[in-house]
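Take a look at the structure below.
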Amino acid sequence: MKKIGLTFGGGGARGGVHIGAIQALNELGIQANLVTGTSIGALVAALYAAGVSVEKMTEFFNNLNLTTLYVLPGSAPSFTNFTKFEQLFEQVIGRPMFSDLQPSLAVVATDIVSKKEMILDEGDVLSAVQASMAFPILLPPVERDGFILMDGGMVNNVPFDVARARGAGFVIAIGLGNSAPYGTSTPPPENKSLLRRALRATKNRPLYQVMTAVSDIITDRMVYARMAISAPDVLIQPYVGTIGLLDFQELERAISIGYGAIMDAESEIKRKLSIFQASPEEAGQIINKNR
(Lines give C-alpha, C1' and ligand atoms only; values in the text may rest on other atoms or scores of the structure.)
Protein backbone atom coordinates (compact mmCIF):
# COMPACT_ATOMS: atom_id res chain seq x y z
CA MET A 1 0.00 0.00 0.00
CA LYS A 2 1.19 3.50 -0.80
CA LYS A 3 1.55 5.25 2.55
CA ILE A 4 1.02 8.92 3.30
CA GLY A 5 3.14 10.32 6.13
CA LEU A 6 2.42 13.46 8.13
CA THR A 7 5.15 15.15 10.18
CA PHE A 8 4.64 17.75 12.91
CA GLY A 9 7.57 19.92 13.96
CA GLY A 10 8.42 21.31 17.39
CA GLY A 11 7.73 24.87 18.48
CA GLY A 12 6.04 25.04 21.86
CA ALA A 13 2.78 27.01 21.89
CA ARG A 14 3.01 27.39 18.12
CA GLY A 15 1.77 23.79 18.03
CA GLY A 16 -1.75 25.14 17.56
CA VAL A 17 -0.70 25.57 13.92
CA HIS A 18 -0.74 21.79 13.61
CA ILE A 19 -4.35 21.62 14.79
CA GLY A 20 -5.42 24.05 12.08
CA ALA A 21 -3.41 22.07 9.52
CA ILE A 22 -5.16 18.85 10.54
CA GLN A 23 -8.54 20.54 10.24
CA ALA A 24 -7.71 21.65 6.70
CA LEU A 25 -6.32 18.26 5.68
CA ASN A 26 -9.46 16.57 7.01
CA GLU A 27 -11.59 18.89 4.88
CA LEU A 28 -9.48 18.01 1.85
CA GLY A 29 -10.00 14.30 2.58
CA ILE A 30 -6.31 13.63 3.25
CA GLN A 31 -5.61 11.08 5.99
CA ALA A 32 -2.16 9.87 7.00
CA ASN A 33 -1.13 6.23 7.29
CA LEU A 34 1.69 7.15 9.67
CA VAL A 35 2.65 10.21 11.68
CA THR A 36 5.87 11.48 13.20
CA GLY A 37 6.60 14.42 15.45
CA THR A 38 9.01 16.22 17.72
CA SER A 39 8.27 18.07 20.97
CA ILE A 40 4.84 19.75 20.72
CA GLY A 41 4.60 18.04 17.33
CA ALA A 42 5.01 14.68 19.08
CA LEU A 43 2.03 15.52 21.27
CA VAL A 44 -0.13 16.50 18.29
CA ALA A 45 1.00 13.39 16.40
CA ALA A 46 0.01 11.18 19.35
CA LEU A 47 -3.42 12.81 19.59
CA TYR A 48 -3.89 12.41 15.83
CA ALA A 49 -2.85 8.75 15.90
CA ALA A 50 -5.26 8.12 18.77
CA GLY A 51 -8.14 9.46 16.71
CA VAL A 52 -8.70 12.62 18.76
CA SER A 53 -10.88 15.18 16.96
CA VAL A 54 -9.78 18.72 16.16
CA GLU A 55 -12.30 19.96 18.72
CA LYS A 56 -10.82 17.77 21.46
CA MET A 57 -7.27 18.77 20.49
CA THR A 58 -8.28 22.41 20.80
CA GLU A 59 -9.79 21.78 24.21
CA PHE A 60 -6.59 19.99 25.29
CA PHE A 61 -4.43 22.93 24.20
CA ASN A 62 -6.74 25.39 25.93
CA ASN A 63 -5.86 23.57 29.16
CA LEU A 64 -2.14 23.45 28.36
CA ASN A 65 -0.32 26.55 29.58
CA LEU A 66 2.20 27.70 32.13
CA THR A 67 -0.51 28.36 34.70
CA THR A 68 -1.71 24.75 34.64
CA LEU A 69 1.78 23.24 34.40
CA TYR A 70 3.66 25.35 36.95
CA VAL A 71 4.63 23.73 40.23
CA LEU A 72 6.58 24.98 43.21
CA PRO A 73 10.33 24.53 42.75
CA GLY A 74 11.60 21.18 43.93
CA SER A 75 14.58 18.98 43.28
CA ALA A 76 13.86 18.64 39.55
CA PRO A 77 16.10 20.76 37.26
CA SER A 78 13.13 22.61 35.73
CA PHE A 79 10.43 25.20 36.38
CA THR A 80 7.57 22.76 35.78
CA ASN A 81 6.93 19.03 35.75
CA PHE A 82 4.67 16.59 33.94
CA THR A 83 2.21 15.81 36.75
CA LYS A 84 -0.64 17.97 35.47
CA PHE A 85 0.24 17.20 31.86
CA GLU A 86 -0.15 13.48 32.57
CA GLN A 87 -3.61 14.11 34.00
CA LEU A 88 -4.68 16.08 30.92
CA PHE A 89 -3.22 13.46 28.57
CA GLU A 90 -4.91 10.54 30.32
CA GLN A 91 -8.25 12.31 30.34
CA VAL A 92 -8.13 12.53 26.55
CA ILE A 93 -6.59 9.24 25.38
CA GLY A 94 -5.71 7.24 28.49
CA ARG A 95 -2.38 5.37 28.54
CA PRO A 96 -2.10 3.71 25.11
CA MET A 97 0.83 1.72 23.79
CA PHE A 98 2.27 2.49 20.36
CA SER A 99 0.82 -0.79 19.10
CA ASP A 100 -2.68 0.47 19.95
CA LEU A 101 -2.48 3.41 17.56
CA GLN A 102 -3.62 3.68 13.98
CA PRO A 103 -2.13 5.40 12.04
CA SER A 104 1.26 4.33 13.35
CA LEU A 105 3.33 6.81 15.35
CA ALA A 106 7.02 7.59 15.89
CA VAL A 107 8.39 10.49 17.93
CA VAL A 108 11.88 11.91 18.33
CA ALA A 109 13.79 12.63 21.55
CA THR A 110 17.42 13.37 22.42
CA ASP A 111 19.54 11.12 24.64
CA ILE A 112 21.51 13.70 26.61
CA VAL A 113 24.10 11.11 27.67
CA SER A 114 25.13 9.92 24.20
CA LYS A 115 23.93 13.20 22.60
CA LYS A 116 22.16 11.19 19.90
CA GLU A 117 18.74 11.13 18.31
CA MET A 118 16.33 8.56 19.71
CA ILE A 119 13.33 7.42 17.68
CA LEU A 120 10.58 6.15 19.96
CA ASP A 121 7.92 3.91 18.45
CA GLU A 122 7.37 1.13 20.98
CA GLY A 123 5.97 0.83 24.49
CA ASP A 124 4.19 3.53 26.43
CA VAL A 125 3.11 6.54 24.36
CA LEU A 126 2.85 9.02 27.23
CA SER A 127 6.45 8.67 28.41
CA ALA A 128 7.67 8.93 24.81
CA VAL A 129 5.73 12.14 24.23
CA GLN A 130 7.01 13.55 27.51
CA ALA A 131 10.59 12.72 26.52
CA SER A 132 10.17 14.43 23.16
CA MET A 133 8.67 17.51 24.86
CA ALA A 134 11.16 17.84 27.74
CA PHE A 135 12.43 21.28 26.79
CA PRO A 136 15.59 22.15 28.81
CA ILE A 137 14.98 24.18 31.99
CA LEU A 138 11.21 24.31 31.40
CA LEU A 139 10.52 20.56 31.75
CA PRO A 140 12.61 17.81 33.39
CA PRO A 141 14.45 14.98 31.58
CA VAL A 142 12.59 11.68 31.21
CA GLU A 143 14.17 8.34 32.11
CA ARG A 144 12.96 5.70 29.65
CA ASP A 145 14.39 2.26 28.88
CA GLY A 146 17.68 3.19 30.53
CA PHE A 147 18.12 6.44 28.62
CA ILE A 148 17.93 10.04 29.87
CA LEU A 149 15.82 11.80 27.27
CA MET A 150 14.97 15.40 26.47
CA ASP A 151 13.45 17.51 23.70
CA GLY A 152 13.92 16.01 20.24
CA GLY A 153 14.20 19.48 18.74
CA MET A 154 17.87 19.52 19.67
CA VAL A 155 18.58 16.87 17.01
CA ASN A 156 15.61 16.66 14.60
CA ASN A 157 12.88 19.24 14.94
CA VAL A 158 10.83 18.28 11.87
CA PRO A 159 11.37 14.50 11.47
CA PHE A 160 10.10 13.98 7.94
CA ASP A 161 13.07 11.68 7.32
CA VAL A 162 11.73 9.40 10.05
CA ALA A 163 8.39 9.18 8.25
CA ARG A 164 10.20 8.32 5.01
CA ALA A 165 12.32 5.67 6.73
CA ARG A 166 9.17 4.04 8.10
CA GLY A 167 7.68 3.53 4.67
CA ALA A 168 5.88 6.74 3.77
CA GLY A 169 6.01 7.23 0.03
CA PHE A 170 4.45 10.68 0.28
CA VAL A 171 5.29 13.03 3.15
CA ILE A 172 3.72 16.31 4.21
CA ALA A 173 5.82 18.11 6.83
CA ILE A 174 4.85 21.14 8.89
CA GLY A 175 7.55 23.27 10.55
CA LEU A 176 7.04 26.06 13.07
CA GLY A 177 10.25 28.05 12.81
CA ASN A 178 9.18 30.81 10.40
CA SER A 179 8.72 33.61 12.91
CA ALA A 180 9.01 37.41 13.13
CA PRO A 181 12.53 38.84 12.77
CA TYR A 182 14.66 39.56 15.81
CA GLY A 183 13.65 42.84 17.46
CA THR A 184 9.97 42.71 16.48
CA SER A 185 7.87 44.16 19.30
CA THR A 186 5.02 42.06 20.69
CA PRO A 187 1.66 43.88 20.75
CA PRO A 188 -0.12 44.32 24.11
CA PRO A 189 -2.21 41.27 25.12
CA GLU A 190 -6.00 41.62 24.99
CA ASN A 191 -6.19 39.84 28.33
CA LYS A 192 -4.64 42.07 30.98
CA SER A 193 -3.85 39.31 33.47
CA LEU A 194 -0.64 39.63 35.43
CA LEU A 195 0.79 36.46 33.86
CA ARG A 196 0.19 37.61 30.29
CA ARG A 197 1.56 41.08 30.94
CA ALA A 198 4.64 39.45 32.50
CA LEU A 199 5.07 37.16 29.49
CA ARG A 200 4.83 40.11 27.10
CA ALA A 201 7.44 42.03 29.09
CA THR A 202 9.70 38.98 29.01
CA LYS A 203 9.22 38.47 25.26
CA ASN A 204 10.23 42.05 24.54
CA ARG A 205 13.49 41.67 26.41
CA PRO A 206 16.54 41.33 24.11
CA LEU A 207 17.71 38.17 25.93
CA TYR A 208 14.44 36.32 25.22
CA GLN A 209 14.38 37.53 21.63
CA VAL A 210 17.95 36.41 21.06
CA MET A 211 17.17 32.96 22.47
CA THR A 212 14.08 32.64 20.27
CA ALA A 213 15.96 33.82 17.18
CA VAL A 214 18.85 31.43 17.82
CA SER A 215 16.44 28.53 18.35
CA ASP A 216 14.61 29.27 15.09
CA ILE A 217 17.86 29.65 13.15
CA ILE A 218 19.26 26.35 14.44
CA THR A 219 16.08 24.39 13.75
CA ASP A 220 15.71 26.03 10.32
CA ARG A 221 19.24 25.04 9.32
CA MET A 222 18.59 21.55 10.65
CA VAL A 223 15.52 21.19 8.44
CA TYR A 224 17.35 22.17 5.28
CA ALA A 225 20.34 19.98 6.08
CA ARG A 226 18.06 16.95 6.34
CA MET A 227 16.19 17.93 3.18
CA ALA A 228 19.41 17.36 1.25
CA ILE A 229 19.24 13.70 2.33
CA SER A 230 15.52 12.93 2.42
CA ALA A 231 13.19 15.78 1.55
CA PRO A 232 9.43 15.72 2.19
CA ASP A 233 7.14 15.99 -0.81
CA VAL A 234 5.46 19.06 0.67
CA LEU A 235 7.06 21.28 3.33
CA ILE A 236 4.74 23.78 4.99
CA GLN A 237 6.41 26.48 7.10
CA PRO A 238 3.73 29.10 7.80
CA TYR A 239 4.67 32.52 9.11
CA VAL A 240 3.82 32.48 12.83
CA GLY A 241 4.73 36.13 13.44
CA THR A 242 5.31 36.99 17.09
CA ILE A 243 3.74 33.82 18.51
CA GLY A 244 6.39 32.58 20.92
CA LEU A 245 7.18 29.22 22.44
CA LEU A 246 5.11 29.99 25.54
CA ASP A 247 2.19 31.88 23.97
CA PHE A 248 -0.52 29.29 24.55
CA GLN A 249 -3.03 32.15 24.81
CA GLU A 250 -2.50 32.64 21.05
CA LEU A 251 -4.08 29.27 20.26
CA GLU A 252 -6.91 30.63 18.11
CA ARG A 253 -4.50 32.63 15.95
CA ALA A 254 -2.12 29.67 15.63
CA ILE A 255 -4.95 27.37 14.51
CA SER A 256 -6.03 29.92 11.91
CA ILE A 257 -2.46 30.18 10.59
CA GLY A 258 -2.17 26.41 10.21
CA TYR A 259 -5.52 26.10 8.48
CA GLY A 260 -4.70 28.89 6.06
CA ALA A 261 -1.25 27.49 5.26
CA ILE A 262 -2.65 24.13 4.15
CA MET A 263 -5.42 25.74 2.13
CA ASP A 264 -2.88 28.01 0.43
CA ALA A 265 -0.91 24.91 -0.55
CA GLU A 266 -4.01 22.93 -1.61
CA SER A 267 -3.17 22.93 -5.33
CA GLU A 268 0.42 21.79 -4.74
CA ILE A 269 -0.64 19.08 -2.30
CA LYS A 270 -3.39 17.71 -4.55
CA ARG A 271 -1.20 17.76 -7.68
CA LYS A 272 1.71 15.94 -6.03
CA LEU A 273 -0.60 13.53 -4.24
CA SER A 274 -2.41 12.65 -7.47
CA ILE A 275 0.94 11.80 -9.08
CA PHE A 276 1.92 9.68 -6.09
CA GLN A 277 -1.34 7.74 -6.09
CA ALA A 278 -1.49 7.26 -9.86
CA SER A 279 -0.14 4.43 -11.96
CA PRO A 280 3.13 5.15 -13.82
CA GLU A 281 1.22 5.88 -17.01
CA GLU A 282 -1.27 8.15 -15.29
CA ALA A 283 1.51 9.92 -13.40
CA GLY A 284 3.27 10.71 -16.69
CA GLN A 285 0.09 12.17 -18.12
CA ILE A 286 -0.43 14.37 -15.04
CA ILE A 287 3.16 15.63 -15.17
CA ASN A 288 2.93 16.44 -18.89
CA LYS A 289 -0.40 18.20 -18.37
CA ASN A 290 1.11 20.47 -15.72
CA ARG A 291 4.19 21.46 -17.68
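The values are calculated or read from the model by the stated rules, or taken from the named source; none is laboratory data. Keep in mind it's a predicted model, so treat the numbers as computed, not measured. Cβ atoms come from the backbone with ideal geometry, glycine included; neighbour counts cover every protein chain shown. Remember, those area values only see protein heavy atoms, side chains included, never the ligands or the DNA or RNA. Shrake-Rupley method; radii C 1.70, N 1.55, O 1.52, S 1.80 Å.
Here are some notes:
- ALA134 satisfies every condition listed in (1) within 17 Å of ILE93 (Cβ to Cβ); (2) open to solvent by less than 10 Å² (accessible area, probe 1.4 Å) except (1).
- Taking the criterion of being among the hydroxyl-bearing types (Ser, Thr, Tyr) and either open to solvent by 20 Å² or more (accessible area, probe 1.4 Å) or out of contact with any Asp or Glu (no Cβ under 7 Å at 6 or more places or on another chain) (or both), the residues of region 92-121 that qualify are SER99, SER104, SER114.
- Subset tally (residues that are surrounded by fewer than 24 Cβ atoms within 10 Å (Cβ to Cβ), farther than 22 Å from GLY260 by Cα and either touching a residue at least 40 places away in the same chain (Cβ under 8 Å) or not β-branched (Val, Ile, Thr) (or both)) for region 39-70: 9
- Number of positions in region 1-38 that are hydroxyl-bearing (Ser, Thr, Tyr) and either open to solvent by 10 Å² or more (accessible area, probe 1.4 Å) or modelled with pLDDT under 95 (or both): 0
- Hits in region 253-280 - residues which are modelled with pLDDT of 95 or more and outside any helix (DSSP H, G or I): ALA265
- Selection within region 148-170 - open to solvent by less than 10 Å² (accessible area, probe 1.4 Å) and over 21 Å from ARG14 (Cα atoms): LEU149, VAL162, ALA163, ALA168, PHE170
- Flag for LEU246 being at pLDDT below 85, at negative phi and either of a type in the set (Lys, Arg) or open to solvent by 60 Å² or more (accessible area, probe 1.4 Å) (or both): no
- Options ASP124, ASP145: the member that is open to solvent by 20 Å² or more (accessible area, probe 1.4 Å), acidic (Asp, Glu) and on the phi > 0 side of the Ramachandran plot: ASP145
- Odd one out for LEU139, checked against (1) open to solvent by 50 Å² or more (accessible area, probe 1.4 Å); (2) over 29 Å from ALA168 (Cα atoms); (3) of a type in the set (A, V, I, L, M, F, W, C): (1)
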